[in-house]
Amino acid sequence: MIDRGHKVSAVNLWVKSRPAARVPLGNLGQGLTPFPFPLIFPQDQHEALLIDRLGALGIEIERQVELADFEDRGGEIRATLRKAGTEEVGSYAYLAGCDGARSRVREVLGTGFPGGTYDHLFYVADVEAAGSPMDGELHIDLDEADFLAVFPLRHTGRARLIGSVRDDAAKDHEHLNFEDVRGRGMQNLRIEVKNVNWFSTYRVHHRVAQQFRKGRAFLLGDAAHVHSPVGGQGMNTGIGDSVNLAWKLAAALKEPRSSALLDSYEPERIAFARRLVATTDRAFTAVISTSAFARLVRTKAIPAFAPALFRLPAMGRFAFRTVSQISLNYRDSALSRGAAGKLHGGDRLPWVKIGESEEDNFAALTSMDWQMHVYGHPTLELRTLADGRKIPLHVFPWGSGMRHAGLRRDAVYLIRPDGYIGLVESAGSATAIGTYLSEKNLRTIN
């Protein structure tokens, strides 16, 4: 992803056709993650990468296949698929509805999708262009009309434009083309568009499904929640849903007694989705508001104060944690237990480097399986438990930076396959770990 993506070093804010502020981003998340920088990796390229990876694993994506209907029979899902004009009925263990804002899965489940739709019409265009904003940095026009953001792509001279459509042009949105939106925003940023690879319009919604699960059927991504593009959280949130559900499905398929893990999917993800939609709603309303106060904040206050705020390390780290979603926790989940210092069950495992080497504690997480971590010295009982349960035990020599990250010396951290802490045992006791594993019917997935 990093090789194919584009690191963004700064955000530039424009007001009245002139650069008003530059906010350096760089490595805002230094010390929080092996990837402390903002990265732009477009959805279509992301999809191509995932398809390549699935192909390498022997999994083929079937196109031109439509889910017509399904029925949850308790022990299985009976689904009717339409392929090339014919219908096929099959039996499946579970159904994951990743079928977008107009989800057929959500429709059959009958779960509501409360929220609303903003009046404004927006467009996205993939272009080849010239001009000062085509310098590899992010540029945003904060003027009073014709909002426009320029997202650089890896290839020089290519960018994604996201902008608002004027009310007079939006009336006939079904027949809009790029020429209809060549407005003030592009003039303000001095962009010369040479070629349009593709162009699309859309309306922004703010909705969260009332349920993310019914029986053996689940909702993920835009089928479960839609919100404004402010903060670039949409695709990341859908991927978060998928990772959360995937390892629980894998566990349930391998060991039916572990199927209770699936009960945690909805409460863990729906709470975050509701907070995210509320937050992006407030931010989006501020961006598009035409009130005098909102215009003052956009055109005067933000350019004046944003660079200074982001020079404060605490502010930069807060912004990075929020946008990268690494501040997300599942402390209220039924799977979360225990605490040691400021770390609780349900928190994301902190990233730390091991000594003076280039190694870190996240290398072990690539297994996407249950594991135990001890930073210091594990007890003999814990080693015996790990061997008996066949759960990997990773022991890291204690370092001063570990306490700063929130870790406690000799405590045991039982790590979920998605990198979150299931159980913290501050005393390093093997008994508490063993009890937790037995209660949840947990075992390694792979």
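None of the figures in this text is laboratory data; all of them are computed from the coordinates on show. For clarity, every value in this text was computed on a predicted model and none was experimentally measured. No Cβ is skipped: glycine too gets one built from the backbone with ideal geometry, and neighbour counts run over all protein chains shown.
Brief remarks follow.
- Quotient of the Cα radius of gyration of region 339-439 and 2.2 N^0.38 Å, N being its number of residues: 0.97.
- Neighbourhood net charge (10 Å Cβ-Cβ; Lys/Arg +1, Asp/Glu -1) for LEU442: +3
- Descending Cα extents along the principal axes, region 11-57, whole Å: 50, 31, 8
- Residue exposure sequence - ASP141, ASP263 - by fewest surrounding Cβ within 10 Å: ASP263, ASP141
- Packing-based exposure ordering (other Cβ within 10 Å, fewest first) of ASP119, ASP143: ASP119, ASP143
- Once you divide the Cα radius of gyration of region 262-395 by 2.2 N^0.38 Å, the number left is 1.49.
- Listed residue (GLY376, ALA306, TYR265) projecting farthest to the positive dipole end of region 264-388, Cβ model: ALA306
- Sequence-separation-based contact order of the chain, relative, with Cα cut under 8 Å and 6+ spacing, percent: 13 percent
- For region 339-439, the share of DSSP beta bridges that are antiparallel, to the nearest 5, is 75%.
- Listed by chain and number, the lysines placed with their C-alpha closer than 20 angstrom to that of LYS353 are LYS342; residues fewer than eight positions away on the same chain are left out.
- Two-site label geometry, MET235 and PHE362: point separation in nm, points 7 Å out along Cα→Cβ: 1.9 nm
- Violating pairs (Cα-Cα greater than 24 angstrom) within the set LYS214/LYS440; LYS83/LYS214; LYS214/LYS254; LYS248/LYS390: LYS83/LYS214
- Here's the list of lysines a cross-link from LYS16 could span, going by alpha-carbon distance under 28 Å and ignoring same-chain residues fewer than 8 apart: LYS7, LYS171, LYS194, LYS300.
- Taking the inverse of the mean reciprocal distance over all distinct Cα pairs, the Kirkwood hydrodynamic radius of region 110-244 comes to 16.6 Å.
- Within the chain, helix-based [θ] at 222 nm, where runs of 4 or more DSSP H residues each add -39,500 (n - 2.57), nearest 500: -8500 deg cm²/dmol
- Within the shell defined by Cβ-Cβ distances under 14 Å, the residues around ILE51 carry a net charge of -2, with Lys and Arg each +1 and Asp and Glu each -1.
- Interatomic Cα distance distribution for region 377-433, bins of 5 angstrom, percent: 4, 18, 28, 29, 15, 5, 1
- Value of Rg/Rh across region 1-102 [Cα atoms, Kirkwood radius]: 1.19
- Going from the residue with the fewest nearby Cβ atoms within 10 Å to the one with the most, GLU266, GLU66, GLU425, GLU255 rank GLU66, GLU255, GLU266, GLU425.
- D (Stokes-Einstein, µm²/s), Kirkwood Cα radius, the chain, 1.002 mPa s at 20 °C: 88 µm²/s
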